[in-house]
Amino acid sequence: MAVREILRYPNRTLSKKCAEVTAINGNTAGMLNSMVDTMYAANGIGLAAPQIGELCRAIVVDTDTEDRGKKLVKLINPVLVEAEGKFTWEEGCLSVVNYTAEVTRPQKILVRAWTIEHREIEFEAEDLQAICIQHEIDHLDGVLFIDRISRLKREMYRKRLKKMAREAQAVAASRAPAI
Ligand code: ZN
């Protein structure tokens, strides 16, 4: 198990565009396995490389929380080839604490990507799996789901985050030993 720390908004790494993976090798395999371990440890259904501080285009998705591994996909340089329909889902993100919001995205997608076995694949995904893959590909472009909601909602979330940080500071200060 190699569980890594997950970067949280507003960490600037999360808003950077990631570079393509140019060589698929043992390092790539190790990173993908760490991403899977980190995703499972956090009880998530998807994780993108920049969330653990790796600025490269790789994602892992497993939307089946009951039977872990069954629907697991590890994608290198994933690209959205086609998208159709509309699907609204209450999204959350391991990098955005204590917040969810409805986001509408295409319901069915065709994705092209590379696998760790150096195979270029194309596959279709729909509903939650499609939403999740699109959410993770967004991460590779430095986009979070809160960038896809209204500015007002985003501002409210920012205010709430600041309040949470102030409260945490106050608690820490009250625990400080007196001298
Ligand atoms: Zn996310």
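Order of 68, 175 from fewest to most other C-beta atoms within 10 Å? Please report the intermediate quantities before stating the final value.
Values: 68 12, 175 7.
Arranged by neighbour count, lowest to highest, 68, 175 become 175, 68.
Full extension of the chain between residue 124 and residue 158 gives 8.7 nm of extra length, using 0.36 nm per residue less the Cα-Cα distance.
Helix-derived [θ] at 222 nm for the chain: sum -39500 (n - 2.57) over DSSP H runs of at least 4, divide by residue count, nearest 500?
Values: 3 runs with 55 residues, N = 179.
Calculated from helices alone, the mean residue ellipticity at 222 nm is -10500 deg cm²/dmol.
A straight line joining the Cα centroids of region 1-16 and region 91-118 runs 16 Å.
Treating each Cα of the chain as an identical point scatterer and summing with the Debye formula, the log10 of I(q)/I(0) at q = 0.14, 0.16, 0.18 Å⁻¹ comes to -0.77, -0.98, -1.20.
With the charge dipole of the chain set up from +1 on Lys and Arg Cβ and -1 on Asp and Glu Cβ about the Cα centre, the Cα lying farthest toward the positive end among the listed residues 103, 121, 28 is that of 103.
Are any of the pairs 16/159; 74/108; 16/108 more than 25 Å apart by Cα-Cα distance, and if so, which? Before the final figure, lay out each step's value.
Details: 16/159 23 Å; 74/108 19 Å; 16/108 27 Å.
Exceeds cut-off: 16/108.
Among the GluC sites (Glu not before Pro) within region 55-114, those in coil by DSSP and having at most 10 neighbouring Cβ atoms inside 10 Å are 66.
Under a 5 Å amide H cut-off, with hydrogens placed 1.01 Å from N, residue 87 pairs with 105, 107 among residues at least 5 apart or on other chains. Taking the alpha carbon gyration tensor of region 1-81, multiplying each eigenvalue by 5 and rooting it gives semi-axes of 19, 16, 13 Å, largest first. Stokes-Einstein diffusion of region 92-161 at 10 °C, 1.306 mPa s viscosity, Kirkwood radius from Cα pairs, rounded to a whole number: 116 µm²/s. Between residue 23 and residue 143, the simple label model (points 7 Å from Cα in the Cβ direction) yields a spacing of 3.2 nm.
Throughout, read-outs are computed from the coordinates displayed, never taken from laboratory work. Computed from a prediction, not measured in an experiment: that's the story for all the values here. Methodologically, a virtual Cβ is constructed for each residue, glycine included, from the backbone with ideal geometry; neighbour enumeration extends over all protein chains shown.
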